[in-house]
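Single-structure report; data block below.
The values are calculated or read from the model by the stated rules, or taken from the named source; none is laboratory data. The structure displayed is predicted, hence computed values, not measured ones. Counting neighbours? That spans all protein chains shown, and the Cβs are built from the backbone with ideal geometry, glycine included.
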Amino acid sequence: MGLLRAALQRGKYVWEIPVGAQEGMRVPGVVFGDRQILQKADEDNALVQVANVACLPGIVKASLAMPDIHWGYGFPIGGVAATAVEEGVISPGGVGYDISCGVRLVKSSLTWNEVKGRLDELLDHLERGVPKGLGTKGRIQLSRKEMENLMKRGVKELVARGIGWEEDLECMEEGGCYPGADPSKVSDRAFQRGRDQAGTLGSGNHFLEIQVVEEVGPLAEEMGLFEEQVVVMVHSGSRGLGHQICSDYIEIMNAALPKYKFRLPDRQLVCAPVRSKEGQDYLAAMACAANFAMCNREAITHWIREAFEATFRAGARKLGMDLLYDVSHNLAKLERHMVDGKEMELMVHRKGATRAFPAGRPELPERYREVGQPVIIPGDMGSNSYVLVGTREAMEMSFGSTCHGAGRTMSRKAAKKKVRGEELKRRLESQGIKVRTDHLSGLAEEAPEAYKDVTEIVEICEGAGLSRKVARMRPVAVLKG
Amino acid sequence: MPDFEILDHTADVGVRAWGKDTAEALRNVSLGMLNLIYEPERVEAEEVKELQVSGRDWPSLMVSLLQEILFLVEAEGWAVRDLRIEEVGEYRVKASLTGERLDPQRHRVCGEIKAPTYHMIKFEKGDDRWTAQVYFDV
């Protein structure tokens, strides 16, 4: 605590923690937010984490934090750090344990009026179709070889098995296959933890939500969004596979640390040079987890489509159930960005931050090349969610990144103390939000009061120029593990 | 009664446990973690499993032990009721665990843990007891 005093306001929503505010900083810290966000981040120790990340070898420009910044482990949640590929490092903690945790939005051509009378039936089908929570096995049983193929080839392997649609591929980052995946870099333990978990939602803050588009702005039409449209949001990650890969490589890099003589302010920031064996092995394993995570969300999408088909007795294609986009908010990616007027190849770590590229970037699929990348922002239960679009300013300010959600403001324990699961369920239902969950105490941990106001975060992102609003959704039903 | 407390953290959750020696501190921090996933006292001691792990120092030994227990729960679907530390030294531990097949309803599963982290990790000797502290990604 105490870094707030050193912070300099550089713009309405831009604050700088100058080099020297903390020992070992190689670049400044930059936090996007208003004074209140900064104050809360300071009380929360998250500003110290921004300064700690600024100590990473090879970091360029600044250690960044999005307006949904909060206290994480090692990196702050909402943190973005880019390192030069040639002399910089890769840090598994800068990606997180839930590698490629992310969100996707599945559209429909149905309006709320057409769905509301059948909502319970739809939820029954969804509950039967989508496995969730600990101790629940997935519906996809994979042999070791099949699992390896899934990790190597990503979502197209799943589509070849008849799960998901070919046309979904272009609406995912990297076309549903993160390059460089090598299953031989994944431990047996990680294989075993992930084995039965393809197509399972998980628990914690992961969910499946049925939402109604409430308000649309410019570009909504180009993205196929309209008012009163029913859409489905999925928030899940790479499950036990990713958790184990992160744990494994934190140990590997910890053991290799003396070799590289890095002095790090926090053990959780452990890292290795991008070009080292440890760094390359981690990236090959991380890519496996990223592919697994996209497959996980794709399999869930498949069962969402089946649930709609069973409820509305029509094919999912006829029901317009196209994928809008799939984003990862915990990932490191090799990207080219301008730094001080020079184009550089960078390893961009986003830990609780979303890539938000503008129109024209070659990474975007053709359908969004002129529009810009859709960014999907989940709210907390009971509040709005958003679709945003990337901006050119974000390319200059944040390596093309924006927020990933509301960001917690209250611990899980405090949330549970403040509100009981049963009471929360009743309250949400009185607001017209149906809740299906196996664990009411888990529900209380995710109570709306435990989060910042997502609308405020999204407004600040827009004010700072990091992203622009495209559509706002309200939840009508939520399924949680 | 195992000696531990649950720690508040904005995004995640931690456990602080105590013991008169390293063995007791390791047992208590493990039971603290299990309490975050389900209610261990509802688990029957039907089977016994043994495990052995090593580390580079006390914190990494604790992380290895917790990871191993998580693996039993998540990948093998086995609920741990209690554990006994059979042997402990610098930096190895051998433990025997009692438990049975995990039953999410009967054992009242209330959440998942992704991993123990090194964030603000502690495993140290005070005046009269050892303190073990670990935060989890949940």
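Just a few scattered comments:
- In the range B:75-93, the residues that are surrounded by 15 or more Cβ atoms within 10 Å (Cβ to Cβ) and either closer than 15 Å to B:LYS49 by Cα or aliphatic (A, V, I, L, M) (or both): B:ALA75, B:GLY77, B:TRP78, B:ALA79, B:VAL80, B:ARG81, B:ASP82, B:LEU83, B:ILE85, B:VAL88, B:VAL93
- The single condition among (1) within 24 Å of the chain's Cα centre (by Cα); (2) within 14 Å of chain B (Cβ to nearest Cβ); (3) over 19 Å from A:GLU173 (Cβ atoms); (4) touching a residue at least 60 places away in the same chain (Cβ under 8 Å) that A:SER236 does not satisfy is (3).
- Residues that are at positive phi and either more than 18 Å from the chain's Cα centre (by Cα) or in a strand (DSSP E or B) (or both), drawn from the range A:333-358: A:ASP340, A:GLY341
- Selection from the range B:50-59 of residues that are at the interface with chain A (Cβ under 10 Å from one of its Cβ atoms) and either at pLDDT below 95 or not in a helix (DSSP H, G or I) (or both): B:GLY55, B:ARG56, B:ASP57
- Of all residues in the range A:10-34, those that are without any contact (Cβ under 8 Å) to a residue 12 or more places away in the chain and either hydroxyl-bearing (Ser, Thr, Tyr) or in contact with a strand residue (DSSP E or B) (Cβ under 9 Å, 6 or more places away or on another chain) (or both) total 0.
- Among the residues of the range B:2-25, the one identified as without any contact (Cβ under 8 Å) to a residue 40 or more places away in the chain, surrounded by 21 or more Cβ atoms within 10 Å (Cβ to Cβ) and farther than 21 Å from A:LYS418 by Cβ is B:PHE4.
- When A:MET381, A:MET410, A:MET395 are checked against the criterion of being more than 14 Å from chain B (Cβ to nearest Cβ) and assigned to a loop (DSSP other than H, G, I, E, B), A:MET381 stands alone in meeting it.
- The number of residues in the range A:167-214 being in contact (Cβ under 8 Å) with a residue 60 or more places away in the chain, within 21 Å of B:VAL109 (Cβ to Cβ) and not in a loop (DSSP other than H, G, I, E, B) comes to 3.
- Subset of the range A:60-89 [among the β-branched types (Val, Ile, Thr) and surrounded by 24 or more Cβ atoms within 10 Å (Cβ to Cβ)]: A:ILE69, A:ILE77, A:VAL80, A:THR83, A:VAL89
- Within the range A:426-454, considering residues that are crowded, with 19+ Cβ neighbours inside 10 Å and in a helix (DSSP H, G or I), the one farthest from the other protein chains (Cβ to nearest Cβ): A:LEU428
- Only one entry of B:GLU68, B:GLU44 meets the criterion of being outside any strand (DSSP E or B), surrounded by fewer than 21 Cβ atoms within 10 Å (Cβ to Cβ), modelled with pLDDT of 95 or more and within 13 Å of another protein chain (Cβ to nearest Cβ), and that entry is B:GLU68.
- Of the strands (runs of 3 or more DSSP E) lying entirely inside the range A:28-104, not one carries at least 3 residues that are within 14 Å of chain B (Cβ to nearest Cβ) and in contact with a Phe, Trp or Tyr (Cβ under 6 Å, 6 or more places away or on another chain).
- Condition met for A:LEU105 (over 26 Å from A:MET286 (Cβ atoms) and in contact (Cβ under 8 Å) with a residue 24 or more places away in the chain): no
- Summed over the range A:267-279, residues that are more than 14 Å from every other protein chain (Cβ to nearest Cβ), in contact with a helix residue (DSSP H, G or I) (Cβ under 7 Å, 6 or more places away or on another chain) and within 18 Å of A:LYS351 (Cβ to Cβ) total 1.
- Test for A:LYS418: is it within 14 Å of chain B (Cβ to nearest Cβ) and modelled with pLDDT under 95: yes
- Residue list for the range B:73-108, filter: within 14 Å of chain A (Cβ to nearest Cβ), in a strand (DSSP E or B) and within 13 Å of the chain's Cα centre (by Cα): B:ALA79, B:VAL80
- Set side by side, the residues A:TYR249, A:TYR282 differ, and just one is touching a residue at least 60 places away in the same chain (Cβ under 8 Å), within 14 Å of another protein chain (Cβ to nearest Cβ) and aromatic (Phe, Trp, Tyr), which is A:TYR249.
- Residue count for the range A:109-137 satisfying the condition of being crowded, with 18+ Cβ neighbours inside 10 Å and within 14 Å of chain B (Cβ to nearest Cβ): 6.
- Matching residues in the range B:1-38 - criterion: being within 11 Å of chain A (Cβ to nearest Cβ) and under 14 Å from the mean Cα position of the chain (by Cα): B:GLU5, B:ILE6, B:VAL13, B:GLY14, B:LEU36, B:ILE37, B:TYR38
- Within the range A:253-266, considering residues that are within 11 Å of chain B (Cβ to nearest Cβ) and in contact with a Leu (Cβ under 9 Å, 6 or more places away or on another chain), the one surrounded by the fewest Cβ atoms within 10 Å (Cβ to Cβ): A:LEU257
- Which numbered condition B:ARG108 misses (of (1) at pLDDT 95 or above; (2) within 27 Å of B:ALA11 (Cβ to Cβ); (3) not polar (S, T, N, Q)): (1)
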